[in-house]
1. For the stretch 357-364, check the following and say yes or no: at least one residue is more than 22 Å from the chain's Cα centre (by Cα), farther than 30 Å from residue 153 by Cβ and hydrophobic (A, V, I, L, M, F, W, C).
2. Looking only at residues in the stretch 76-109 that are farther than 13 Å from residue 385 by Cα, within 39 Å of the chain's Cα centre (by Cα) and modelled with pLDDT of 80 or more, which one is surrounded by the most Cβ atoms within 10 Å (Cβ to Cβ)?
3. Check whether at least one residue in the stretch 372-380 is surrounded by 14 or more Cβ atoms within 10 Å (Cβ to Cβ), part of a strand (DSSP E or B) and aliphatic (A, V, I, L, M), and report yes or no.
4. Taking the stretch 48-65, which residues are outside any helix (DSSP H, G or I) and either at pLDDT below 85 or on the phi > 0 side of the Ramachandran plot (or both)?
5. Say whether the condition of being touching a Pro at 6+ places or on another chain (Cβ under 7 Å), closer than 28 Å to residue 160 by Cβ and either of a type in the set (Asp, Glu) or surrounded by 13 or more Cβ atoms within 10 Å (Cβ to Cβ) (or both) is met by at least one residue in the stretch 387-396.
6. Answer yes if at least one residue in the stretch 307-322 is of a type outside the set (A, V, I, L, M, F, W, C), farther than 30 Å from residue 250 by Cβ and either exposed (fewer than 12 other Cβ atoms within 10 Å of the Cβ) or free of Cβ contacts under 8 Å to residues at least 12 places away in the same chain (or both), and no otherwise.
7. Quick one: which residue in 134, 142 is of a type outside the set (S, T, N, Q), surrounded by fewer than 14 Cβ atoms within 10 Å (Cβ to Cβ) and in the same structural domain as residue 64 (by TED's automatic domain parsing)?
8. Taking the criterion of being farther than 30 Å from residue 185 by Cβ, in a helix (DSSP H, G or I), modelled with pLDDT under 85 and over 60 Å from the mean Cα position of the chain (by Cα), would at least one residue in the stretch 395-403 satisfy it?
Amino acid sequence: MSQNASTNENQEIVEEGFGVSLPNLLNILYRGRRVIFYLTLVGLLAGIGYGIFTKPLYRATAQVRPGIVSYSGQGAPIREGALKDVVRWFRKALFWDDMYEVKPYDSMKVPPIIMADFISSGPQYMRGGDVITLTNLATDPLLAVDTLKRSIASFNRQASQDSSRSSLQLTMGGVEVRMDKIRNNISRIDGEVQRAELEIKKLEAEILVVDASNKKLAKKFDRLESGRTWRLNAAANSKAEAEAGQLRLVEAEKMLQNLMASEPITTNGRANDSDAVSEILLQTVKRNEAALAGELLSTVNQLSAYIYQSTTRADSLNDSIKEIDMEMANIELTMLVDMVQKKENLKLRIIDLEIKKSVDLVQDKAELEDDLHGHQVQLDMLTPLEQVGRVTVSQHPVRPRKLRAGSILTFLAFMGSLFVVFAWEYYQRNKEAISFEENS
């Protein structure tokens with residue numbers, strides 16, 4: 001009896017809604033179907049509107065690490081800076097002081113958000129990497145890239161001004177001093193090249209002088225050769241004249257000798273008879289013979305003097321020819337040996353200067369330029385924060401995710417509609433008890 005009463009009481013409780021059963025749940029959902037439908041529809045429309053009206057966002061990503069602030073004695077780079085400090089600097093948007101007055105950031109009321117993350121430790125408690133990943137979302141992909149670049153530049157500028165990083169300034173100063181020395185050496189080599197070019201021009205001018213001297217010596221040699229030819233002819237003529245005079249002298253001497261050796265002319269018997277005419281003729285003959293003898297003697301003397309003069313002249317010309325031969329030999333030796341050797345020496349000096357200018361100095365300059373380039377690379381690598389690679393940006397928007405956003409809003413609206421339906425059902429079934437509690 002009592003068992004049947006308790007069963008009826010439980011059934012009444014279920015019928016009044018204080019119990020939970022599948023038919024009751026379905027009835028509640030059926031009665032609130034319009035609320036569920038419209039609220040879910042509102043959520044769906046909200047998701048669609050979110051996807052339509054929300055501006056797409058692009059993600060820019062950059063990787064940085066603590067930069068090189070100095071070099072060891074062996075040239076190995078030395079990095080300084082804690083990763084956590086760098087991450088904290090970006091997360092607190094300390095770069096905003098350098099950007100808020102620059103377009104297009106001057107129109108922003110708040111600084112852009114830059115997320116900075118790094119792996120502090122690897123598997124099995126191993127030390128993590130030293131690379132920090134920076135990300136920024138913006139409606140314009142170029143703006144996202146520019147934000148990261150400007151923030152990195154701001155960090156480097158502020159860190160370079162920090163007195164705690166004086167080693168960076170000292171290293172940069174030392175590298176610049178070495179670069180200035182290398183530039184001075186390069187300028188010195190350029191000066192040596194110019195001096196070598198001037199020396200080459202000077203030597204070329206000396207070669208021209210040598211050629212001119214050779215031409216003068218050649219002309220002098222030609223004049224001497226012409227004079228030698230004339231003297232040879234003159235000496236030969238003088239010798240021939242002397243020989244001809246010698247022949248005439250011999251003939252004159254023979255004639256004189258014959259004249260002196262002839263018997264004196266005497267008168268015959270009639271002469272002895274003191275014939276006046278014969279005497280006169282005899283005297284005339286004697287006078288003629290005496291005159292002829294005088295003339296022959298004078299001719300002999302003249303011929304002797306002429307022969308002596310011709311011989312002396314020929315000897316003098318021969319001596320002059322010997323002197324000319326010696327002078328010509330000296331000129332020829334000078335032209336063929338001294339001038340040629342001098343010219344060859346000048347050409348060798350020019351070749352040596354050309355090699356020095358085109359090879360040695362060029363190689364020295366190239367080595368100095370390589371050293372300068374190496375120091376420039378070291379100087380460029382000196383930075384508090386080093387960017388690893390380039391800043392990348394997504395090709396397609398990463399926000400909003402329309403499908404996921406619509407799904408989430410639709411699901412939330414559906415769940416909210418269920419909550420509203422069950423809450424309203426609870427209120428309707430228990431409003432008397434709720435009113436009674438409020439009145440009491």
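The values are calculated or read from the model by the stated rules, or taken from the named source; none is laboratory data. Predicted model only: the values in this text are computed from it and were never measured. Using ideal geometry, Cβ is built from the backbone for each residue, glycine included, and neighbour counts are taken over all protein chains shown.
1. The answer is no; no qualifying residue exists.
2. For the stretch 76-109, the residue satisfying everything is 95.
3. Looking through the stretch 372-380, none of the residues is surrounded by 14 or more Cβ atoms within 10 Å (Cβ to Cβ), part of a strand (DSSP E or B) and aliphatic (A, V, I, L, M).
4. Step one: filter the stretch 48-65 for residues outside any helix (DSSP H, G or I), giving 54-65.
Matches in the stretch 48-65: 54, 55, 56, 57.
5. yes
6. Residues of the stretch 307-322 of a type outside the set (A, V, I, L, M, F, W, C): 308-313, 315-316, 318-320, 322.
Remaining after also requiring farther than 30 Å from residue 250 by Cβ: 322.
Now drop any that are not either exposed (fewer than 12 other Cβ atoms within 10 Å of the Cβ) or free of Cβ contacts under 8 Å to residues at least 12 places away in the same chain (or both), which leaves 322.
Within the stretch 307-322 (the criterion being of a type outside the set (A, V, I, L, M, F, W, C), farther than 30 Å from residue 250 by Cβ and either exposed (fewer than 12 other Cβ atoms within 10 Å of the Cβ) or free of Cβ contacts under 8 Å to residues at least 12 places away in the same chain (or both)), the answer is yes, since at least one residue qualifies.
7. Numbers: 134 fails: surrounded by fewer than 14 Cβ atoms within 10 Å (Cβ to Cβ).
The match here is 142.
8. The initial filter retains those residues of the stretch 395-403 that are farther than 30 Å from residue 185 by Cβ, namely 395-403.
Now narrow it down to the ones that are in a helix (DSSP H, G or I): 402-403.
Filter once more, keeping what is modelled with pLDDT under 85: 402-403.
Those left that are additionally over 60 Å from the mean Cα position of the chain (by Cα): none.
So far as the stretch 395-403 goes, no, none of its residues is farther than 30 Å from residue 185 by Cβ, in a helix (DSSP H, G or I), modelled with pLDDT under 85 and over 60 Å from the mean Cα position of the chain (by Cα).
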